[in-house]
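The values are calculated or read from the model by the stated rules, or taken from the named source; none is laboratory data. As the structure is a computational prediction, the values presented were derived from the model and not from experiment. Quick reminder, even Gly has a Cβ in these numbers, built from the backbone with ideal geometry, and neighbours come from all protein chains shown. Keep in mind that these areas ignore ligands, DNA and RNA; they rest on the heavy atoms of the full protein, side chains included. Shrake-Rupley method; radii C 1.70, N 1.55, O 1.52, S 1.80 Å.
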Amino acid sequence: MDIDHAKRPVDSLGRDEANAEIERLTDLIRRADLAYHQNDAPFISDAEYDAAKRRLIELEKRFPELKRPDSPTENVGAPPREGFAKVHHRVPMLSLANAFSEKEVYDFDKRIRRFLGIDDATIDYCAEPKIDGLSLSIRYEAGQLVQAATRGDGETGEDVTENARTVCDIPKTLTDAPDILEVRGEVYMSHDDFEALNRAQAEQGGKTFANPRNAAAGSLRQLDPQITASRPLKYFAYAWGELSQPLADTQIGALHRLAQLGFKVNELTRLCHGPRQLLEHYQRIEAARPDLGYDIDGVVYKVNDLGLQRRLGFRSNTPRWAIAHKFPPETVWTWLLKIDIQVGRTGALSPVARLKPVTVGGVVVSNATLHNEDYIKGVDTNGNPIRGGKDIREGDWVKVYRAGDVIPKIADVDLSRRPPEARPFEFPTKCPVCGSDAIREPGDAVRRCTGGMACPAQAMERLKHFVGRDAFDIEGLGAKQVEAFYLLGWVREPADIFTLAARDSAGKKALVGLDEVLTRLQGSADPDEQKRALAEALGLDHFDPDHARERFDERSRTPLARQHGWGERSVQKLFRSIEARRRIPLERMIFSLGIRHVGEVASKLLARHYGSWEAFETAMTRARDGDGPEWEELTNIDGVGEVLARSLVLAFHQDAERAMIDRLVAQLEEIEDAVQPAASDSPVAGKTIVFTGSLEKMTRAEAKARAEALGAKVAGSVSRRTDLVVAGPGAGSKAKKAAELGVEIIDEDAWLTLIGAA
Ligand code: IVH
């Protein structure tokens, strides 16, 4: 193998040489990956491979503008995502809602009793340690392990069957098991094994892991099962997916059964009578935690009776019958060096604390959120003191914590170590990016830039949101590319993405001139920062106007494939993935518009409710804030509140915003109608139902959850669009209105018969 190129030091290479070298190394690493992982026929040694990768990293560091968007250095340590086959989970793998205080545990218990309509009963719960690893679903058919899959996004995971077979705690065959049995549990690594692994990795110059969880995940997700086999992974079973026969009637009974079948079940699992006993057991587990020898991050409480679990059912992503009571997060003290202001997609000015880096819970932290200006001042939104009223200043000694995977936060300030020169932080009243006024609406904790899409920060954040994974998911167009394309005047709004290829082949990519780009950046509180960004997008060392103009025009003319960081293949791939997105599911379309308060869950609800873009768009166009049938219909959707509705209606009635949406729609081939939820063969699927009066066999909440699980929509008030009213004793005005409108009205028993629950 020719590795001559590795001989000249990176420092001695000019820009073009470096580009050629990057291309050669990229190709070499790609071919080596393919040969190793898929064809099982490596053609270079591990040492040569590592050297090539290290050199590529070095080159990319020296010439960041030459880095390719699809660089193989982006997936160091992690095998390529394509490496594992996808597995569709027949029963979704859900996550858990969290509780952080005793009150939240009592509230959880109260919610359950209320939902079931047994306010004065005491519920039995099964309490289990929450193992900090990664969940794995293992499928057995006729007693044989046939498949193991990671959680993935909960619906689709990765097939790691061969790797799972190498884990000692996982039985390969079962006797006396149901014919179909999917066991779910956590793969983890003990502290001792983690340390030994890291020691061995360091000695061999391999990758070390930040914590046992990452080590377990990295070890299970190896394309070579022999590597997994050499890693000491363990497994606790705590749940199940598809089953041909029930395991038991209770959670604890099911765990006993899993233990009998040969699975490891955690010994700290207990049956608890009511929330007080749950909290006692929580304390017992917390006390045992330091000596367990593996990481746990809380205690999971599950309703013990599986019949009740079934009745309680699920919210969109989490079961109603379980909660994870988390341990308080680890905290660490460090210096707050500086407070920066970031401008988000909706114009929110978000203060960020730049910290002297510290390790918190195995992760190096150098930034923390400061929420908003009141938070910095030491008051909450109602003006009440937080942190004993202490404000936060640049130069302060602060206590930092990480709660789960969320952005680190600041819990406290030590005033005794405050430098004498520290001054209260002055929150800007102008947008630091575009210079527009930043205002605070009454009742809003957040100050927002009023620049709209004319603000480069907002425009770029909107574009990043648009191309993101959960929106249009355009491969090859990440945050960095979007930023550069924006600054080069090639893409100013979502619709422009779809015309880029045509402009590229016509030799004129820029939609605006450099002057307009500069004008937009002019008001900026930090013009130097803006010019630096622009110079970087242009591939210049520093910003000088003449040079910039020349480069700006040249880059607009030159085909993308001939520009630094790109090549024929990556450009083709990018344009192909853009073309593919001219068809988009309705819920993604709604989400990608980036309208304030309209997140993924709301987008799904809206898509399901309106069904098609035409119906949605017509309704939004007709809707008037606060009144009229369209407004009523919108706010009647369960899960759509007034704040969300107002923001949505506003977006469709603001001329500039609306024109932008229309331009995007004009570029699309098809906005695919929403897929109605499963169970579409149920007699109530797709129907809009209103419950009124008192129900006797189940609570209103339970009835509503049942109806929704069967694909019905549940509304709060009767309108022309209502299909069915279920009226119990005491039904008043709603039943009357239904009668007037000629909507079908049935009683509770007829309802139960209709859904087959009588
Ligand atoms: S039950 C439908 N039990 O925690 C509920 N999860 O935050 C399924 N976990 O994805 C989960 N220990 O990876 C359950 N004893 C336990 C657990 C546990 C750890 C993990 C699991 C899950 C995550 C949810």
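Mind ordering 124-130, 534-540 by average Cβ neighbours within 10 Å, highest first?
By packing density, highest mean first, the sequence is 124-130, 534-540.
Only Cα pairs under 8 Å and at least 6 apart count here; give the relative contact order of the stretch 414-567 as a rounded whole percent.
Taking the mean separation of contacting Cα pairs over the length of the stretch 414-567, I get 21 percent.
Would you rank Arg113, Arg90 by solvent-accessible area, highest first, keeping every protein chain in place and using a 1.4 Å probe?
Largest to smallest exposure gives the sequence Arg90, Arg113.
Quick one: compute the contact order of the stretch 106-234, relative version, from alpha carbon pairs under 8 angstrom and 6+ residues apart, as a percent.
In percent, rounded to a whole number, it is 26.
Quote the convex hull volume per residue of the stretch 284-349, based on C-alpha atoms, as a whole number of Å³.
Enclosed volume per residue, from the Cα hull, is 174 Å³.
From the square roots a ≥ b ≥ c of the eigenvalues of the alpha-carbon gyration tensor of the stretch 131-280, which class results: rounded (a/c under 1.5), prolate (a/b over b/c), or oblate?
Oblate is the answer for the stretch 131-280, as a/c is 1.5 or above yet b/c matches or exceeds a/b.
Only Cα pairs under 8 Å and at least 6 apart count here; give the relative contact order of the chain as a rounded whole percent.
9
Suppose the Debye formula is applied to equal point scatterers at every Cα of the stretch 273-318; what is log10 I(q)/I(0) at q = 0.20 Å⁻¹?
Per q value, in the given order, log10 I(q)/I(0) is -0.81.
So for the pair Glu48, Arg165, with labels modelled 7 Å out along Cα→Cβ, what separation do we get in nm?
3.1
Computed on alpha carbon atoms, what radius of gyration and Dmax characterise the stretch 422-572, expressed in Å?
16.9, 56
Arranged from highest to lowest average of other beta-carbon atoms within 10 Å per residue, in what order do the peptides 196-209, 169-182 appear?
169-182, 196-209
Between the stretch 693-713 and the stretch 148-199, what is the C-alpha centre distance in whole Å?
Each part's Cα centre sits 37 Å from the other's.
Determine the alpha carbon to alpha carbon distance for each of Lys713/Lys734; Lys508/Lys604; Lys130/Lys604; Lys103/Lys713 and list only those over 28 Å.
Exceeds cut-off: Lys508/Lys604; Lys130/Lys604; Lys103/Lys713.
Given a Förster distance of 56 Å, report the FRET efficiency between Thr621 and Leu337 from their Cβ-Cβ distance, rounded to the nearest 0.05.
The value I calculate is 0.70.
How far apart, in nm, are the 7 Å Cα→Cβ label points at Arg532 and Lys264?
Result for the modelled spin labels: 4.9 nm.
Cα centroids of the stretch 306-347 and the stretch 491-559: how far apart, whole angstrom?
Going from one Cα centre to the other spans 39 Å.
Using helices alone, I'd like the mean residue ellipticity at 222 nm for the chain: each DSSP H run of four-plus residues gives -39500 (n - 2.57), total over residue count, nearest 500.
The per-residue figure over the chain is -11000 deg cm²/dmol.
Could you tell me how many cubic angstrom of Cα convex hull volume the stretch 332-480 has per residue?
Cα-based convex hull of the stretch 332-480, divided per residue, equals 138 Å³.
Taking the Cα centre of the stretch 270-406 as origin, sum charge times position over the Cβ atoms of Lys and Arg (+1) and Asp and Glu (-1), and report the length of that vector in debye to the nearest 20.
With Lys and Arg at +1 and Asp and Glu at -1, about 400 debye.
Only loop residues by DSSP count here, and only those with at most 13 other Cβ atoms within 10 Å; note down the trypsin sites (Lys or Arg not before Pro) in the stretch 672-758 that meet that.
Taking the stretch 672-758 and a limit of 13 other Cβ atoms within 10 Å, the loop trypsin sites (Lys or Arg not before Pro) found are Arg720.
Taking +1 at the Cβ of each Lys and Arg and -1 at the Cβ of each Asp and Glu, which of Pro729, Val743, Ala484 sits farthest along the dipole of the chain towards its positive end, judged by Cα position relative to the Cα centre?
Checking the options against the dipole of the chain, the answer is Pro729.
Would you please classify the overall shape of the stretch 612-696 from the alpha carbon gyration tensor, given that a ≥ b ≥ c denote the square roots of the eigenvalues, rounded means a/c under 1.5, and beyond that prolate means a/b larger than b/c while oblate covers the rest?
In terms of gyration-tensor shape, oblate.
Full-extension gain between Arg114 and Gln654, please, as 0.36 nm times their residue separation minus the C-alpha to C-alpha distance.
Residue separation times 0.36 nm, minus the Cα-Cα distance, leaves 190.1 nm.
Hey, could you pull the Cα Rg and Dmax for the stretch 409-501, both in Å?
So, for the stretch 409-501, Rg and Dmax equal 18.4, 60 Å respectively.
Which value does Rg/Rh take for the stretch 606-758 over its C-alpha atoms, Rh per Kirkwood?
That ratio is 1.03, to two decimals.
For each cysteine in the chain, check whether another cysteine's C-beta sits under 4.7 Å from its C-beta; list those where none does.
Cys126, Cys168, Cys272
Can you order the peptides 600-607, 547-554 by their average number of other Cβ atoms within 10 Å per residue, highest first?
600-607, 547-554
List, in order, the whole-Hz ³J(HN,Hα) value for each residue of the stretch 492-498 obtained from phi through the Karplus relation with A = 6.51, B = -1.76, C = 1.60 and θ = phi - 60°; use x for Gly and Pro.
10, 8, x, 4, 4, 4, 7
Take the Cβ-Cβ distance between His597 and Gln245 as r, set R0 to 35 Å, and report the resulting FRET efficiency rounded to the nearest 0.05.
0.20
What is the extension gain from Gln283 to Arg354, computed as 0.36 nm multiplied by their sequence separation minus the C-alpha to C-alpha distance, in nm to one decimal?
Full extension from Gln283 to Arg354 adds 22.0 nm.
How big is the dipole moment of the stretch 365-407 about its Cα centre under a simple scheme where the beta carbon of each Lys and Arg is +1, that of each Asp and Glu is -1, and everything else is neutral? Debye, nearest 20, please.
Magnitude of the dipole: close to 180 debye.
Based on the Kirkwood radius over alpha-carbon pairs, what is the Stokes-Einstein translational diffusion coefficient of the stretch 242-301 at 10 °C with 1.306 mPa s viscosity, in µm²/s?
120
What FRET efficiency comes out for the pair Gln563/Ser95, r = Cβ-Cβ distance, R0 = 56 Å, nearest 0.05?
The pair Gln563/Ser95 has a calculated efficiency of 0.85.
Send over the per residue convex hull volume for the stretch 117-171, Cα only, as a whole number of Å³.
In the stretch 117-171, the Cα hull volume divided by residue count equals 183 Å³.
Let me check something: with ligands and nucleic acids excluded, how do His609, His325 order by accessible area (1.4 Å probe), largest to smallest?
So the residues, ranked largest to smallest area, are His609, His325.
Say the dipole of the stretch 140-244 comes from +1 at the beta carbon of Lys and Arg and -1 at that of Asp and Glu; which of Gln222, Gly152, Pro178 then lies farthest toward its positive end?
Positive-most Cα among the choices belongs to Gln222.
Across the stretch 610-652, what fraction of all alpha-carbon pairs, as a whole percent, falls in each successive 5 Å bin from zero upward?
Result, from short to long distances: 5, 27, 37, 26, 5 percent.
Along each of the three principal axes of the Cα atoms of the stretch 272-413, give the extent in whole Å, ordering the values from largest to smallest.
So the three principal-axis extents are 54, 39, 27 Å.
Glu632 to Leu741: extension gain in nm, 0.36 nm per residue of separation minus the Cα-Cα distance?
37.6 nm
Along each of the three principal axes of the Cα atoms of the stretch 377-416, give the extent in whole Å, ordering the values from largest to smallest.
29, 26, 14
Pick out, from Ile131, Ser592, Leu521, the residue whose Cα sits farthest towards the positive end of the charge dipole of the chain, with +1 on the Cβ of Lys and Arg and -1 on the Cβ of Asp and Glu.
Leu521
Which percent of the accessible area of the stretch 209-337 is formed by carbon and sulfur heavy atoms (probe 1.4 angstrom)?
Taking all protein chains in place, the stretch 209-337 shows 50 percent carbon and sulfur surface.
Restricting to lysine pairs 8 or more places apart or on different chains, what number in the stretch 238-394 have Cα atoms under 22 Å apart?
Qualifying lysine pairs in the stretch 238-394: 8.
How many nm separate the modelled label positions at Asp291 and Tyr106, each set 7 Å beyond the Cα in the direction of the Cβ?
3.2
Just flag the trypsin sites (Lys or Arg not before Pro) in the stretch 443-479 sitting in loop per DSSP whose Cβ has no more than 12 other Cβ atoms within 10 Å.
Arg469
For the chain, take N as its residue count and report Rg(C-alpha) divided by 2.2 N^0.38 Å.
Taking N as the residue count of the chain, the ratio is 1.06.
With +1 on each Lys and Arg Cβ and -1 on each Asp and Glu Cβ, and nothing else charged, work out how big the dipole of the stretch 224-308 is about its Cα centre, in Debye to the nearest 20.
It comes to approximately 140 debye.
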